[in-house]
Amino acid sequence: MPGANAGSGRALADPAKRGARWGDLRLRVISAVLLAPVVLACLWVGGPYWGALVAIAAMGLALEWVALCGAAPGMWPGFGVLAAALAGAVLTAMGRAELGAAALMIGAGLVLLPNRWPLAAGVFYAGVGAMALIWLRADPAAGRANVVFLVITVWASDIGAYAAGRLLGGPKLAPRVSPGKTWSGAAGGLVAAMLAGVVAGQVMAPGAPVRAAVLAALLAVASQGGDLLESAVKRAFGAKDSGQLIPGHGGLMDRLDGLLTAAPAAAVLGGLIGRGTTLWH
């Protein structure tokens, strides 16, 4: 992202610096074009297709976390992180979210001994967001609409932050955690999420546009918080990316960081308002 030179006319006139701003855009677009249809198709159909996709993602996230910790995924305790995250997702997909939560807590407790709290944290990082996504979609009346709203809002926040940060630059949001992120990017992500949320809400379940905008803003804040959290994790482990699975993005953690924190927030709200109701009504 642009730094202090973002406001300099000479810097903006430099083709090399302009190219560096958007150097990863082509790969990002290609990856999104290839992956988005698969995600949206599984989300739309729901059931075992969505459950399987999210469970696979949970496994991938756990693998990346174990690798960051320098542990072996095929041996204990690294294997315990994978097993617990997968168990949480599968049990939730089977309609037993309470057992899934128990599996996460037991798995984290076993991995924690002796004094392996970084690995134990990975159980919750990979498992809680996956369980929330499956639980939200399982609502037969409003699940599809709620998760579509969530995904569109998080994607819009990511895109808006990426575009605004590179176009406008300016002061850093959290330089000690993620030197590339700017306040302009955060604001752009928030505005983009609110606009996308209002449009998505009106298309899927018309009415309450103000509530849709407020919900989208809350989810965008949660998403950006997840982005900062993942940056802090990578900085703690001395890694630039969580992996190289997705060209232009890095690993699954790099791509799903915002969704992993926004999904539990949406699930909490869904639990409060009750099943069968869209989150913005």
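Simple spin-label estimate for ILE273 and ALA232 gives 2.8 nm between the two label positions (7 Å along the Cα-to-Cβ direction from each Cα). Over the C-alpha trace of the chain, radius of gyration and Dmax come out as 19.1, 59 angstrom.
Helical content of the chain, expressed as a calculated mean residue ellipticity at 222 nm, amounts to -25000 deg cm²/dmol (DSSP H runs of 4 or more residues, -39,500 (n - 2.57) each, divided by residue number, nearest 500). Inverting the pair-averaged 1/r between distinct Cα atoms of the stretch 113-159 gives 12.5 Å as its Kirkwood hydrodynamic radius.
Straight-distance candidates among the aspartates and glutamates for linking to LYS172, with alpha-carbon spacing under 18 Å and chain neighbours fewer than 8 residues away dropped: ASP158, ASP227, GLU230.
Over all projection directions, the Cα-based convex hull of the stretch 86-185 averages an area of 8.2 nm².
Treating r as the C-beta distance of ALA52 and TRP183 and R0 as 41 Å, the FRET efficiency rounds to 0.55.
The value obtained for the stretch 164-262, namely the Cα convex hull volume divided by the number of residues, is 106 Å³ per residue.
For the stretch 48-138, the share of alpha carbon pairs falling in successive 10 Å distance bins from zero is 22, 54, 22, 3 percent.
Taking other C-beta atoms within 10 Å as the exposure proxy, VAL90, VAL147, VAL268 rank VAL268, VAL90, VAL147 from fewest upward. When the Cα positions of ALA262, TRP135, ALA121 are compared along the charge dipole of the chain, ALA262 comes out farthest toward the positive end, with charges on each C-beta of Lys, Arg, Asp and Glu.
FRET efficiency for the pair LEU195 and PHE79, taken as 1/(1 + (r/R0)^6) with r the Cβ-Cβ distance and R0 = 41 Å, rounds to 0.40.
Throughout, read-outs are computed from the coordinates displayed, never taken from laboratory work. The structure displayed is predicted, hence computed values, not measured ones. Because the Cβ atoms are built from the backbone with ideal geometry, glycine has one as well, and the counts that use them run over all protein chains shown.
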